[in-house]
Amino acid sequence: MRTCIVAVFFFITGLFLSVSGTALTIYAGNDFYRYKDGIDSTKNGKDILLDFGFGLENIGGSGLSLITDMKGANVFHDGLSSLELRSPYELTTAYFDWRSQAGKLRFRLGRQQYTNLSVETFDLDGFRAEIHPTEKVGINATIGMYVPTPYVERTAYFEKEYLPPIKDTVADTFIIKDTLKQKFRDKTPFLSTPAKSGILLLDGSVAAIPFTTITWATALVPKTFEKTTFLYDTTKVRRTDNVTYDSLADSIGVTSLNEKGDFRMALGANISPLSLLRLTGSGRFSIIQKGFDRFDGRITVIPMEILELSAYIIGEKGRIDSTNYFSMMFHRQLTEFGLTLNAFFQDENIFLQADYHMITIADEGIDHFISFDVSNPYLNGGVVLGAGFHGTTLRPYGGAKLPFLKIFSLEGSGEYCFVDETDADNIHHMVVLSGGLKTSIHPIGLTIFPRIEYITNRYFTKDVRFLLTTTLLINHFWGVEQ
């Protein structure tokens, strides 16, 4: 009996020492989506997305942490083209992170996500170091390989097929025929070697200038990071404007393989000389695009505590745009100008936003958009109005949330979109209605949200879908000190 008591004592003591100063975080989530696909009939109409991860922060008070996350899905193998053919389970995050007590040094090793001004968010296997010699200066260096991601290479070949003999009733003989059929062979190579997927990043920030923070970034991007580059050839073709019937010059979009990779440099600034004035902006230079492929700037004025007025400009080059409710487009140069008014009414807990922006696309035309949005903790709604080169858009939307019994809430949303494509002379309507009962248990971060979705547009006619989202978050289970 005494032996058992001593063993239990040492077990509990060892467990206490191992978790002292350690915080455990567990995340688990999944989405189940039942639908009928009106575009791709080869899909099974059922998507399952799984996500699980855990983290041990500041293990034993050493400053060392372990962070992991794994995602799984059955939809990677669906679709006509198989362009998303991937493993159904992927380890998306698994790294060790150490930081000094003073916070001046931090090192990370393993599979991690990273983003800065020179690259979008991506995953890499590698090493990252952060150095903060002073509170106002920071330098980050990252080296590694872009996470192996398969993509499909499709090649065509021919097979000879012999058809069944056909009897010629006149000659009383059998005729044998054969035919050639074109088939496709798919290969899924992986990005795995340093020569193909190696990446080097350097970035940092400086806040030494009064009221100013400057961020900078450079990147050597491997050729396989962007497997294709969207360019425009130098040949101009003529087309006729459907409204004015003028003859206009147009460019032909082409897709070319990126064989050399890319080098990018980016610079950003945040300047706040006064409490009521703020200036922000950034720009990125790309060797492939032979110039600035992205830039933005915004000036914000806060005349009073409840109002915020800003004017902005955004430019992008050689990218795909899918945010204008029309279609995905290749564009040589996109520039957007806008004005935004935000109002915060704290006593009524109401947020109001009004926005006007104009989008101009090289070799195409100009589109204008006006949007209004108002929300509080229980209701939200708004409308987007658009007109211009790509047609007319009307998009009202709204939603409601009714909480009761502390852990339950009835939630619903609706959206209607009308698009009159001037260029194609097509009119499209879309309706999406969604609603369900949401259960949220906050102490352990448990959320259960089943809902029914009704959708109709040019691809789906009165389609009823079922969605189920569940999440579980246990944050800092052991706490900081025990």
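The values are calculated or read from the model by the stated rules, or taken from the named source; none is laboratory data. It should be emphasised that the depicted structure is a prediction, and the values quoted were computed from it without experimental measurement. Here the Cβ positions follow ideal geometry from the backbone for every residue, glycine too, while neighbour counts run over all protein chains shown. Note: accessible area is taken over every heavy atom of the protein model, side chains too, but ligands, DNA and RNA are not part of it. Shrake-Rupley method; radii C 1.70, N 1.55, O 1.52, S 1.80 Å.
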Just flag the GluC sites (Glu not before Pro) in the stretch 387-482 sitting in loop per DSSP whose Cβ has no more than 14 other Cβ atoms within 10 Å. E481
Within 14 Å, Cβ to Cβ, of T218, how many net charges do the neighbouring residues add up to if Lys/Arg are +1 and Asp/Glu are -1? 0
Report the label-to-label distance for V464 and F263 in nanometres (one decimal), using points 7 Å from each Cα along the Cα→Cβ vector. 6.1 nm
On the formula 1/(1 + (r/R0)^6), with r taken between the Cβ atoms of K401 and T68 and R0 of 30 Å, the FRET efficiency rounded to 0.05 is 0.35
Roughly how much of I441 is accessible, in Å² to the nearest 10, using a 1.4 Å probe? 60 Å²
Summing +1 per Lys or Arg and -1 per Asp or Glu among the other residues with Cβ less than 9 Å from F107's Cβ gives +2
How far, in nm, would the chain grow between T92 and S275 when pulled straight, counting 0.36 nm per residue and subtracting the alpha carbon separation? 61.8 nm
Placing each pseudo-label 7 Å from Cα in the direction of the beta carbon, I131 and Y33 end up separated by a distance in nanometres of 4.5 nm
Please arrange F460, F418, F369 by accessible surface area, largest first, computed with a 1.4 Å probe and ligands excluded. F418, F460, F369
Treating the beta-carbon of each Lys and Arg as +1 and of each Asp and Glu as -1, no other charges, what is the dipole magnitude of the stretch 355-441 about its Cα centre, to the nearest 20 debye? 880 debye
How much length is gained if the chain between N426 and F408 is pulled fully straight, taking 0.36 nm per residue apart and subtracting their Cα-Cα distance, in nm to one decimal? 2.2 nm
Inter-label distance, nm, simple model (7 Å from Cα along the C-beta direction), L309/L437: 4.9 nm
Fully extended, how many nm does the chain gain between L49 and S375 (0.36 nm per residue separation, minus their Cα-Cα distance)? 114.3 nm
For L109 and T212, what does the FRET efficiency come to when R0 = 35 Å and r is the distance between their Cβ atoms, rounded to the nearest 0.05? 0.55
Taking R0 as 60 Å, what FRET efficiency do you get between I444 and I366 from their Cβ-Cβ distance, rounded to the nearest 0.05? 0.70
So what's the net charge close to K438: Lys and Arg +1, Asp and Glu -1, counting the other residues with Cβ under 9 Å from its Cβ? +1
